[in-house]
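Reviewing the structure listed below.
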Amino acid sequence: MFGWFKRQVVPQVETRSASSTGYTAQILAARQSYISGVSGLGELTAAVQSSVSLWESGLSLADVKGTDLLSRRMLALTARSLALRGESVWLIRDRLVPCSDWDLTTRDGEPRAYRVSIPEAGGPRSDTVLAGEVLHFRIGSDVVAPWTGTAPLRRARLSADLLEQLETALRDVFRDAPIGSQIVPMPEGSAEDMASLRSAFVGKRGATMVVEGVAQAVGAGMHPQLGKAPDQLSPDLSDTLADKMLTEAKGAIYGTFGILPGLFNPATTGPLVREAQRHLAQIVLQPIANIMAEEAAEKLGAGVQVDVVRPMQAFDAGGKARALATMIGALAQAKEAGIDGPTLQDALSFIDWQD
């Protein structure tokens with residue numbers, strides 16, 4: 001009866017809505033881009049590392065105006081992070097501090113706050129900062145997640161996987177296959193002598209690994225005189241077109257990083273090397289440098305310029321010299337013909353207008 005007067009306490013059940021637009025969903029989307037961007041095994045190949053090295057060297061040569069924070073070491077680290085990860089985050093302090101990992105929140109598709117992990121010798125430490133306190137460089141952004149970048153290898157996953165599989169297969173063949181080994185027929189001897197002879201060759205790569213007696217060949221249905229020449233055990237890779245596929249896969253990787261495949265051709269000449277370097281500087285690295293300059297100018301509050309073309313000498317010096325020589329010759333001929341002063345200026349203006 002006394003229980004009737006006790007207040008019944010109804011347990012409160014906490015409910016939460018599973019919305020796909022919350023903070024957790026944003027973090028998962030950012031992390032998904034990060035994880036997918038670095039999971040390609042193609043990063044382990046020499047073609048990828050050669051491309052990354054060209055990005056590092058090109059950006060580290062850049063001329064920076066308007067700030068002292070963008071050092072050459074920082075530019076090289078940024079280039080490697082952009083090439084393999086698609087984005088790079090630096091914490092603005094008295095100098096730029098690299099961030100190994102980060103989470104972020106956005107509004108209207110723009111980052112508002114970051115939780116960054118700063119690498120230390122004893123383990124990374126975490127810090128929460130506003131978007132204005134970090135430099136966030138990213139390339140290959142998508143409209144679904146414009147706050148994240150996309151690595152070139154992620155945009156060409158099939159080519160990266162193909163290159164990795166080809167190099168792995170060739171490595172396994174040259175590591176495990178009996179290259180240079182032979183089957184040599186010889187007169188039959190006693191069982192003990194044949195066993196001893198066989199055991200002497202076991203495991204000797206490139207040597208005779210199997211010895212076949214004449215009596216064994218007869219028992220197998222072959223004539224004793226047949227097969228006197230040594231039989232090769234080396235695998236024949238010519239029918240697999242491995243060399244052609246490997247070259248094409250490497251070319252696809254180079255093209256993904258904006259590098260002309262002809263740059264790595266053994267028959268490449270000087271003009272093609274200069275054109276490949278000019279293409280890399282003007283079409284690939286300079287747009288990235290412009291994006292970095294805009295981000296730095298917005299966060300640092302000063303006009304920042306990053307020039308890659310001039311330090312890499314990525315301009316047609318020979319063409320300019322020929323054009324200058326032609327112009328000087330034309331001016332000399334004009335003077336000889338009595339064309340001078342305003343008439344010559346009008347002619348040059350007309351030529352510029354036609355160009």
Subject >> Single condition Gly149 does not satisfy, out of (1) modelled with pLDDT under 80; (2) open to solvent by less than 70 Å² (accessible area, probe 1.4 Å) >> reply: (1)
Subject >> In the stretch 258-313, the residues that are within 16 Å of Ser60 (Cβ to Cβ) and of a type in the set (Val, Ile, Thr) >> reply: Val284, Ile288, Val306, Val308, Val309
**OP:** Only one of these is at pLDDT 85 or above and more than 30 Å from Gly149 (Cβ to Cβ): Leu272, Leu280, Leu285. Name it.
**Re:** Leu272
**OP:** Considering (1) within 27 Å of the chain's Cα centre (by Cα); (2) of a type in the set (A, V, I, L, M, F, W, C); (3) assigned to a loop (DSSP other than H, G, I, E, B), say which one Ile179 fails and leave the rest.
**Re:** (1)
Subject >> Total residues in the stretch 125-141, condition open to solvent by 80 Å² or more (accessible area, probe 1.4 Å) and either hydrophobic (A, V, I, L, M, F, W, C) or over 18 Å from Ile92 (Cβ atoms) (or both) >> reply: 1
Original post:
helices (runs of 4 or more DSSP H) wholly in the stretch 23-100 with at least 3 residues that are modelled with pLDDT of 90 or more, among the polar types (S, T, N, Q) and open to solvent by 30 Å² or more (accessible area, probe 1.4 Å) - which ones?
Top reply: 46-60
Original post:
Hey, among the residues in the stretch 264-291 that are among the hydrophobic types (A, V, I, L, M, F, W, C) and under 28 Å from Val173 (Cα atoms), which one's surrounded by the most Cβ atoms within 10 Å (Cβ to Cβ)?
Top reply: Phe264
Original post:
Is at least one residue of the stretch 166-179 over 30 Å from Gly301 (Cα atoms), open to solvent by less than 30 Å² (accessible area, probe 1.4 Å) and modelled with pLDDT of 85 or more?
Top reply: yes
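The values are calculated or read from the model by the stated rules, or taken from the named source; none is laboratory data. Predicted, not measured: the structure shown is a model, and the values here were computed from it. Methodologically, a virtual Cβ is constructed for each residue, glycine included, from the backbone with ideal geometry; neighbour enumeration extends over all protein chains shown. Heavy atoms of the whole protein, side chains included, go into the accessibility calculation; ligands, DNA and RNA do not. Shrake-Rupley method; radii C 1.70, N 1.55, O 1.52, S 1.80 Å.
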